[in-house]
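Accompanying notes for the structure given below.
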Amino acid sequence: MKRDKWQGRKRGKKTLGGKGGLKVPRFWGKHAVYAALDNPERTVRKLYGTHAAVSEIVIPEGVEVHYAEAADLARMVPGDVPHQGLVIEIEPLPDLFLADILENADGRPLVVLDQVTDPQNIGAIFRSAAAFDAAAIVTQDRHAPPENGTIAKAASGALETMPWVRVVNLSRALEEMAEAGYWRIGLTGHADDTLAQALPENSPVAIVMGAEGEGMRQNVEGHCDQLARLPISENMESLNVSNATAIALYAIATR
């Protein structure tokens, strides 16, 4: 195990932190880092941390540890986000297959995101999905951001425990869900039925959420069994997609 004083200045001609720095996938913050270190499926390449923060955790064998000052760590993360003394370089998790998820879902809900791109929203959705025991989050590979530190921080550890399935064709994925017995509900403000009216009594549910602003694409809507809305007040036009997802998952859990 390598434990040295990190100088945090240069590697070749590229700095490790800040704009123009070396582009490597990084997570930061205690919840995201602890969860990644605890996940046997996650490969953590390096850990950068203050002496105080590193002393509080058990480092898995094989992870390089580099001690750093808080100011050096701040240059490794975007903006003024709180790193809490810990930053890790990671490898993305292995790809998952929808068929495997459906085989082992045991009736738990699925969350389908149609071109939702905001990392904060995606991270918050991961957290809600984990809280309400969803089977997986499904996105289209081309229209969703990769695993990154912003998602991991907002997910508060759920990125390591909630399966994330990336598919080539979201409409085809919805067809597979139907074949597996899932009732596909697209959440949209222009629906006539409320979510409570649309929920089936016994069938497992795949809740489909549209992108921020544009909503669901027409072809995706066409692959839903039913469209539904949340009965929000006329004083508010819409809800943030992560808030709406959390409410939908609660409704599914308590139907």
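None of the figures in this text is laboratory data; all of them are computed from the coordinates on show. These figures come from a predicted structure and were not determined experimentally. Heads up, the Cβs are rebuilt from the backbone with ideal geometry, glycines too, and the neighbour counts pull from every protein chain shown.
Can you sort VAL33, VAL65, VAL205, VAL81 by how many other beta carbons sit within 10 Å, fewest first? Before the final figure, lay out the partial values.
Working: VAL33 29, VAL65 16, VAL205 26, VAL81 13.
In order of increasing Cβ crowding within 10 Å: VAL81, VAL65, VAL205, VAL33.
Place a label point 7 angstrom from the Cα of ASN243 along the Cα-to-Cβ direction, then list the residues of region 214-234 whose backbone nitrogen is under 12 Å away.
232-233
Calculate the FRET efficiency for ALA71 and ASP192 from the Cβ-Cβ distance with a Förster distance of 51 Å, rounded to the nearest 0.05.
Details: r = 56 Å, r/R0 = 1.10.
It comes out at approximately 0.35.
By its C-alpha gyration tensor, with a ≥ b ≥ c as the square roots of the eigenvalues, how is region 111-155 shaped: rounded for a/c under 1.5, else prolate for a/b larger than b/c, else oblate? Display every interim value, and only then the final one.
Details: a/c = 2.10, a/b = 1.15, b/c = 1.82.
Here region 111-155 falls in the oblate category.
What full-extension length gain, to one decimal in nm, is calculated for ASP95 and ARG172 as 0.36 nm per residue of separation minus the Cα-Cα distance?
Details: separation 77, 0.36 × 77 = 27.72 nm, distance 1.77 nm.
Stretched fully, the ASP95-ARG172 segment lengthens by 26.0 nm.
Restricting to Cα pairs below 8 Å that are 6+ residues apart, what does the relative contact order work out to for the chain? Please round to a whole percent. Let's see the in-between values first.
Working: 509 pairs, mean separation 48.7, N = 255.
Dividing the mean separation by the residue count of the chain yields 19 percent.
Cα-based Rg of the chain per 2.2 N^0.38 Å, rounded to two decimals?
On the way: Rg = 20.2 Å, N = 255, 2.2 N^0.38 = 18.1 Å.
Here the answer is 1.12, to two decimals.
Work out from phi, with θ = phi - 60° and the Karplus expression 6.51 cos²θ - 1.76 cosθ + 1.60, the ³J(HN,Hα) of each residue of region 136-150, listed in order in whole Hz, and give x for Gly and Pro.
5, 10, 10, 9, 7, 4, 6, 10, 9, x, x, 4, 8, x, 5
Could you give the distance between the Cα centres of region 155-184 and region 193-220, to the whole Å?
Centre-to-centre (Cα) distance: 13 Å.
Report the full-extension gain for the segment ALA131 to GLU61: residue separation times 0.36 nm, less the Cα-Cα distance, to one decimal in nm. Write out the running numbers ahead of the final one.
Working: separation 70, 0.36 × 70 = 25.20 nm, distance 3.01 nm.
Taking 0.36 nm per residue and subtracting the Cα distance, the gain is 22.2 nm.
Roughly how many nanometres apart are two label points built 7 Å out from the Cα toward the Cβ at GLU41 and MET236?
If labels sit at GLU41 and MET236, their model points lie 3.3 nm apart.
Give the peptides 91-99, 103-111 in descending order of average Cβ contacts within 10 Å, highest first. All intermediate terms of the calculation are to be shown ahead of the outcome.
Working: 91-99: 12.4, 103-111: 16.8.
Result, highest mean Cβ count within 10 Å first: 103-111, 91-99.
Given Cβ point charges of +1 (Lys, Arg) and -1 (Asp, Glu) and nothing else, what value in debye, to the nearest 20, does the dipole of the chain about its Cα centre take? Don't skip to the end; give the middle numbers.
Numbers: 26 positive and 33 negative charges, 347 e Å.
The calculation lands at about 1660 debye.
Ranked from highest to lowest mean number of other Cβ atoms within 10 Å per residue, what is the order of the peptides 49-59, 122-132, 156-166? Walk me through the numbers before you get to the answer.
Values: 49-59: 14.5, 122-132: 22.5, 156-166: 20.6.
The peptides rank, most packed first, as 122-132, 156-166, 49-59.
Along the charge dipole of region 98-253, Cβ charges K/R +1 and D/E -1, which of ALA130, MET177, LEU110 sits furthest on the positive end?
It is ALA130.
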